[in-house]
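**Student:** Take this structure first; my questions come after.
Just so you know, all these numbers are worked out from the coordinates, no wet-lab data involved. Note that the coordinates shown come from a computational prediction; the quantities given were computed from them, not determined experimentally. In this analysis, Cβ positions are derived from the backbone assuming ideal geometry, glycine residues included, and neighbour counts consider all displayed protein chains.
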């Protein structure tokens, strides 16, 4: 299910374990439609695509053409045909149809959206693309001094993130810590 050699080579084995733990906690079903918002080169996209299978699809949305090209190459090497590469700036508009997505996923992205002051717009867009029973999953850096991760002033605590989500019409469930540096939440509209 997981591409251990590929991911171990590119991001280090401790990160591979974190990816595996995240994917186990968010309970992805075969046939799901997932939006990996701020996908980068596909650290989560490729393993998610393997889980959803041919019946499902993962939309990899990112503003970096370079990251998306790398993701496309890696998906082709893995023989995956259920990943759709979508170039777009999620802080402005998510270029996906209404009520399409079972899981909107953001890994280490939301703190930047909050820092830029775009959280209400982005969360409205996420509500738009989510199916009624869909969920938003956010993996974020703990509010601790790093590295790794963004500067302390940009980090969002679980409590801060919960308030932002609640103020934008989401109910929040804490899914736990991931490794030493991250926490994981689930939010539903």
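**Student:** Just from its helices, what would the mean residue ellipticity at 222 nm be for the chain, if runs of 4 or more DSSP H residues each count -39500 (n - 2.57) and the sum is divided by every residue, rounded to the nearest 500 deg cm²/dmol?
**Tutor:** -11000 deg cm²/dmol
**Student:** I would also like to ask the following. For the chain, set up a GNM with springs between Cα atoms under 10 Å and report which of 39, 91, 67 has the largest fluctuation.
**Tutor:** With Cα springs under 10 Å in the chain, the top fluctuation among 39, 91, 67 is at 67.
**Student:** Using the count of nearby Cβ atoms within 10 Å as a rough guide to exposure, how do 96, 37 rank from fewest to most?
**Tutor:** Lowest count first: 96, 37.
**Student:** Here's a follow-up. Under the definition of Cα pairs under 8 Å and six or more residues apart, what whole-number percent is the relative contact order of the chain?
**Tutor:** Relative contact order here is 17 percent.
**Student:** Now a separate question. Once you put a point 7 Å from the Cα of residue 120 and another 7 Å from the Cα of residue 97, both along the Cβ direction, what distance in nm separates them?
**Tutor:** 3.0 nm
**Student:** Further question on the same structure: Which length gain, in nm to one decimal place, applies between residue 17 and residue 153 when the Cα-Cα distance is subtracted from 0.36 nm times their residue separation?
**Tutor:** Here the answer is 46.2 nm.
**Student:** Right, next: May I ask what percent, to the nearest 5, of DSSP beta bridges between residues of the chain are antiparallel?
**Tutor:** Bridges in the chain that DSSP calls antiparallel: roughly 40 percent.
**Student:** Report the full-extension gain for the segment residue 55 to residue 69: residue separation times 0.36 nm, less the Cα-Cα distance, to one decimal in nm.
**Tutor:** Difference between extended and current length: 2.7 nm.
**Student:** May I pose another question? Compute the length gained on full extension between residue 145 and residue 89: take 0.36 nm times their separation in residues and subtract their Cα-Cα distance, giving the result in nm to one decimal.
**Tutor:** Full extension of this stretch gives 17.3 nm more.
**Student:** Okay, next question. Evaluate the range 4-188: find the radius of gyration of its Cα atoms, find its Kirkwood radius, and give the ratio Rg to Rh.
**Tutor:** On the way: Rg = 15.3 Å, Rh = 16.4 Å.
Value, to two decimals: 0.93.
**Student:** Of all the C-alpha pairs in the range 19-108, what % are more than 15 Å from each other?
**Tutor:** Details: 2126 of 4005 pairs.
The share of Cα pairs beyond 15 Å in the range 19-108 comes to 53 percent.
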